[in-house]
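Only the coordinates and a few stated rules stand behind these numbers; no lab work does. Note that the structure is a prediction, hence the values are computed from the model and not measured. FYI the Cβ positions are ideal-geometry reconstructions off the backbone, even for glycines, and counts take in every protein chain you see.
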Amino acid sequence: GESGPPQLLDDKSFYSVLRQRVHQHLVKVGHPGGGPTSGCIAFFWATFAAWAALGFATWWTGSFFVSIAYGVAAAWLGAFGHNWVHQTKYKFWAYLSLDVIGFSSDGWFREHNMQHHMYTNTPWDNHFKGTDPFLVTDPTVPRNWLQRCVLPYANWIILSFGLFGNYIAHFTEVVKGNEKITVWKLCLPLQLVAFVARWGLWGALLMYVWAGTLGVYYFSMALMNHNAEHCMDVTARNKSRDWGEAQLHSSADWGVDGNFYVSMKYLCLNYHTVHHMFPRVDFSHHQAVQGILMETCSEFGVEYRTGTPWEIYKEMVGSFASPRALLQEIVIYAGGI
């Protein structure tokens, strides 16, 4: 006889049970939709004010050191933008967090939310080729001499141009008619004009300093999230029994004993597995959800590992330099998916 359609996993599967427990927790703490806490909202506006003040101070004083502080504040603001772009209620706040510093929250929503989160560390993940050919993140392809021996160890130089590269790539799509033009696209070039008008070539250098600080800070954390050694284990990912377990094999965490405020030093990317499993849950709830995740993993016998920032950073550089799953095939819908 004819076989029926494939069956979805039942309510007793790992990810189903985890989802139920997380929902119960969010209802219990008064945030059934997973929205931000009042403390998170206050922290966002304080960060926005600090970013604006430091941007003005950099323009006014022309200080090299203030421009570094401005870049750090921009990275923190970008962390909030990453948070808001996953929550449609706070879409305008995403503009105030991502677009004002030179990213595109509209492009981010489509590519990051709809591709990266659904198909993490597979050929359908737009992040998978985002740093090619300078930093290769695909574990199944060989590297040339530069990609093995030079560029991985100079990654901070490459990442310092990350904001400008992202802006140019998105603007190119606007020119081609593939992206819509918005007034937010003027934010970065207007800053450049203002800095150069006041300080000349030194103003252009100040732009690079703050944008480079943001780029190294933000993109280093983001790349650590998916290029640790275990994230390159294609065999393990292909055997994942459901989508949730696949995320465990594709994401890396560190510093998982810190609360939301402490985690901001890592741009709140340290609880990244939780974020991938529950992208619409605000990062002010990540620490609590982490505890539920670890308990459920233990109960189901699902392997989950964390590391220190330095360990994962070294593993990331090693993944850039060497293919950890050479010539293997990454299955998009792995295992029981």
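For the reader, a short list of remarks on this structure follows.
- Positive dipole terminus of the chain, leading residue within 296, 38, 188 (C-beta point charges): 188
- Helical mean residue ellipticity (222 nm; -39500 (n - 2.57) per DSSP H run of 4+; nearest 500) of the chain: -16500 deg cm²/dmol
- On the principal axes of its alpha-carbon atoms, the range 1-151 has extents of 78, 54, 24 Å, going from largest to smallest.
- The fraction of Cα-Cα pairs per 10 angstrom bin, counted from 0 for the range 231-337, comes to 14, 42, 35, 9, 0 percent, rounded to whole percents.
- Two-site FRET efficiency, residue 110 against residue 12, from Cβ-Cβ distance with R₀ of 25 Å, rounded to 0.05: 0.15
- Projecting the Cα atoms of 54, 74, 122 onto the charge dipole of the range 1-140 (Cβ charges, centred on the Cα centre) puts 54 farthest toward the positive pole.
- Set 91/129; 89/314; 28/185; 91/265 screened for pairs whose C-alpha atoms are more than 31 Å apart: 89/314; 28/185
- Dipole magnitude of the chain, debye to nearest 20 (Cβ charges: Lys/Arg +1, Asp/Glu -1, about Cα centre): 700
- Build a GNM of the chain with springs between Cα atoms under 10 Å apart, and of 259, 83, 270 the one that fluctuates most is 259.
- log10 of Debye I(q)/I(0), alpha-carbon scatterers only, for the range 149-301 at 0.16, 0.18 Å⁻¹: -1.06, -1.16
- FRET E, pair residue 262, residue 57, Förster distance 35 Å, beta-carbon r, rounded to 0.05: 0.85
- Helices of the chain meeting both criteria, an alpha-carbon length of 24 angstrom or more along the long axis and an average Kyte-Doolittle score not below -1.0, with helices taken as full DSSP H segments, are 38-61, 64-84, 201-224.
- Using the Cβ-Cβ distance between residue 168 and residue 328 with R0 = 35 Å, the FRET efficiency computed as 1/(1 + (r/R0)^6) comes to roughly 0.60.
- Environment charge of residue 306, counting only residues whose C-beta is closer than 10 Å and scoring Lys/Arg +1, Asp/Glu -1: -2
- Cut-off 12 Å between beta-carbons: net charge of the residues surrounding residue 270, Lys and Arg +1, Asp and Glu -1: -1
- Taking the chain as a Gaussian network of alpha-carbon nodes connected by springs under 10 Å, the highest mean-square fluctuation of the residues 215, 255, 177 belongs to 177.
- If a spin label sat at a point 7 angstrom from the Cα of residue 202 along the line to its beta carbon, the backbone N atoms of the range 55-91 nearer than 20 Å would be those of 55-71.
- Exposed-loop-free span, longest in the chain, where trypsin sites (Lys or Arg not before Pro) count as exposed if DSSP calls them loop and at most 10 other C-beta atoms lie within 10 Å: 13-175
- Excluding exposed DSSP-loop GluC sites (Glu not before Pro) (at most 15 other C-beta within 10 Å), longest clean stretch of the chain: 3-302
- Alpha carbon Rg of the range 81-176, scaled by the compact-globule rule 2.2 N^0.38 Å: 1.20
- Backbone amide hydrogens, once placed in the peptide plane, bring residue 86 within less than 5 Å of nothing, excluding anything fewer than 5 places away on its chain.
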